[in-house]
């Protein structure tokens, strides 16, 4: 039986969603759950970016997540993930669209995200959704 988005709501992510969100992320291709996803770190992220991280929920069950934030200039999306039985329903697009609208309301005009190169499903999703791949950029990181 095909899943529909009837009765699904999108709402602001809260710290109470942390456990379900981490479970979804752990089971999503291309998302590595690390110490930066600890309860304390997610709390700090949500506090710095109020109203920008979202969950899709149906009957009290979290079906998908997207974390959004900005630095005052550019927006960033993290951890877009939908449980397997709701993939292909338009739920991921709905989460992204809602998050981008909230970023626009904050005055943000451009948004970035990171995708694991081998995550073909994500590459197809973002290409189909009108995002531009930036071949001229490389990412650097450093532990602090």
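Bear in mind that the values in this text are calculations on the coordinates, not laboratory data. This is a predicted model, so every value here is computed, not measured. Note that each Cβ is placed from the backbone with ideal geometry, even for glycine, and that neighbours are counted across all protein chains shown.
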Inset, instruction - Extending each Cα 7 Å along its Cβ direction at residue 113 and residue 59, get the distance between those two points in nm, one decimal. - result: 2.8 nm
Inset, instruction - Could I have the simple spin-label model distance between residue 85 and residue 138, label points 7 Å from Cα toward Cβ, reported in nm to one decimal? - result: 4.5 nm
Inset, instruction - For a quick protection proxy, order the peptides 93-101, 62-70, 129-137 by their average other-Cβ count within 10 Å, most packed first. - result: 62-70, 93-101, 129-137
Legend entry - Relative contact order (%) - segment 9-128, alpha-carbon pairs under 8 angstrom, separation at least six: 24 percent
Inset, instruction - Could you work out how far apart the two model spin labels at residue 36 and residue 11 are, taking each label as a point 7 Å from the Cα in the direction of the beta carbon, and quote it in nm? - result: 2.8 nm
Legend entry - Rounded if a/c under 1.5, otherwise prolate or oblate - the chain, Cα gyration tensor axes: rounded
Legend entry - Separation between Cα centres of segment 5-31 and segment 86-142, rounded to whole Å: 17 Å
